[in-house]
Amino acid sequence: MSRLLSDWLESYLEFTADQESPEKLHLWTGFAVLSGALRRRVWMDRGYYKLYPNIYVLIVAESARIRKSTAMSIGMKLLRDAVKDIWYMNDSMTPEGLVKIMNRPPTVKENLDDPTKPFITPMRSDVVIHADELATLFGYDRQRASRMAILLTRMYESGDEYAHTTKADSKILLRNLYPTLLAGTDPRNLKVLPEEAVGGLIGRLIFVTAREKRKSIAWPTLSDRHSSILQNLKMDLQHISEL
C-alpha cells in the first residue's frame, strides 16, 4: 500500500489547526504517536548500538489553561484506532503492573505450508504509556515513585533484554524493549518526580511548555476536509506501523 499523505506530521498539524491547544502541543503529541506506531521495527545503526525512535514527552502547563489533555487524547485515540495491536497503558499504574503488561510471551501461528514449522514471533515488550497527569503515573508514595523512575530510565534505551527484580526478589526477563511515554503535568506536580529521577529520567524527558491557548473556540466542529485528513492519517499511520 502506498502512502496517501506527503508529510504525515504536517497533515496532523493541519487536522488539529482548529483546536484550542497550542500547535507545539500537537507537534510533540504527533511525534509521540509516530514513535509509538514505529515500535521496535525501525532503527538507526550507530555502529556500537542501535538507536530506536522511542521518546518520552512531558507537557508542562497549568491545569485547564491550554487543553493539554485534549491535545494528547486526540493523538492517542488516532494511534489506537489506526494500530489495532498497539500495547497501550494509561494513567495510574505501578512499576509491577507495567512490567507485567510488557512481559508477553512469543506468539505462535500455524504454517499451512509446513505444519511442522510454525511461525514464531519473538517476545515483544513495546508499550505506549499515556498519563494525563504525571502524578497518576508516579503517585505520591516515594518508594513507588522511585521504582517507576528507575524502571523508565533503565528501559529507555530499548535494550534487547532487561532483567527486572520484583519485590519478592524474583527475576522477570523482558526482551525487545520499546517504551514510548506521553504525559502531562501542572508545574506544581513536578514534585512527584523523586530524587532518583534527577540523574537519569529527567535527562531523557522532552519538556514541552506553554502558557496560553492558541485561540478560544466556543463550539469546535469537524468539516468534511477534517474528516478526509483524519481518514488518511489513520491509513498512513497503519502503513507506518508495518514498516
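The values are calculated or read from the model by the stated rules, or taken from the named source; none is laboratory data. For clarity, every value in this text was computed on a predicted model and none was experimentally measured. Here the Cβ is made from the backbone with ideal geometry for all residues, glycine too, and neighbour counts use every protein chain on show. Ligands, DNA and RNA are stripped out before the accessible areas are found, and what is left, the full protein with its side chains, is counted by its heavy atoms. Shrake-Rupley method; radii C 1.70, N 1.55, O 1.52, S 1.80 Å.
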note = Note to self: C-alpha centroids of region 78-151 and region 180-242 sit apart, in Å, by 19 Å
note = Gyration tensor on Cα atoms of region 27-81, a ≥ b ≥ c root eigenvalues, a/c under 1.5 rounded, else prolate if a/b beats b/c, else oblate, says oblate
task = If a/c stays under 1.5 just call it rounded; otherwise compare a/b with b/c (prolate if a/b is bigger, oblate if not). Do that for region 66-169, with a ≥ b ≥ c from the square roots of the Cα gyration tensor eigenvalues.
result = oblate
remark   = Note on region 121-243, DSSP bridge orientation, antiparallel percent to nearest 5 equals 40 percent
request  = List, largest first, the extents of the alpha carbons of region 9-56 along their principal axes, each in whole Å.
outcome  = 44, 15, 14
key: For the chain, with +1 on Lys and Arg beta carbons and -1 on Asp and Glu, the positive-most of LEU9, LEU201, SER216 along the dipole   = LEU201
ask   = What dipole magnitude, in Debye to the nearest 20, does region 1-131 give about its Cα centre under +1 on Lys/Arg Cβ and -1 on Asp/Glu Cβ?
value = 400 debye
task = Would you please give the FRET efficiency between ASP114 and LYS24, computed as 1/(1 + (r/R0)^6) with r the Cβ-Cβ distance and R0 = 35 Å, to the nearest 0.05?
result = 0.10
request  = Could you pull the accessible area for ASP81 with a 1.4 Å probe, rounded to 10 Å²?
outcome  = 50 Å²
ask   = If you count the DSSP beta bridges with both ends in the chain, what percent of them are antiparallel, to the nearest 5?
value = 35 percent
ask   = If the viscosity is 1.567 mPa s and the temperature 4 °C, what Stokes-Einstein diffusion coefficient in µm²/s follows for region 1-140 when Rh is the Kirkwood radius over Cα pairs?
value = 74 µm²/s
Candidates GLU23, GLU62, GLU110, ranked by Gaussian network fluctuation over the chain, Cα under 10 Å, top entry = GLU110
Among ARG175, ARG204, ARG46: highest mean-square fluctuation, GNM of the chain, C-alpha pairs under 10 Å = ARG46
inquiry  = Given R₀ = 41 Å, what would the calculated FRET efficiency be for LYS213 paired with ASP85, taking r from the Cβ atoms and rounding to 0.05?
reply    = 0.70
inquiry  = For region 37-149, what does the relative contact order come out to in percent, with C-alpha contacts under 8 Å and a separation of six or more?
reply    = 24 percent
ask   = Mean separation of Cα pairs under 8 Å and 6+ residues apart, divided by the residue count of the chain: what relative contact order is that in percent?
value = 33 percent
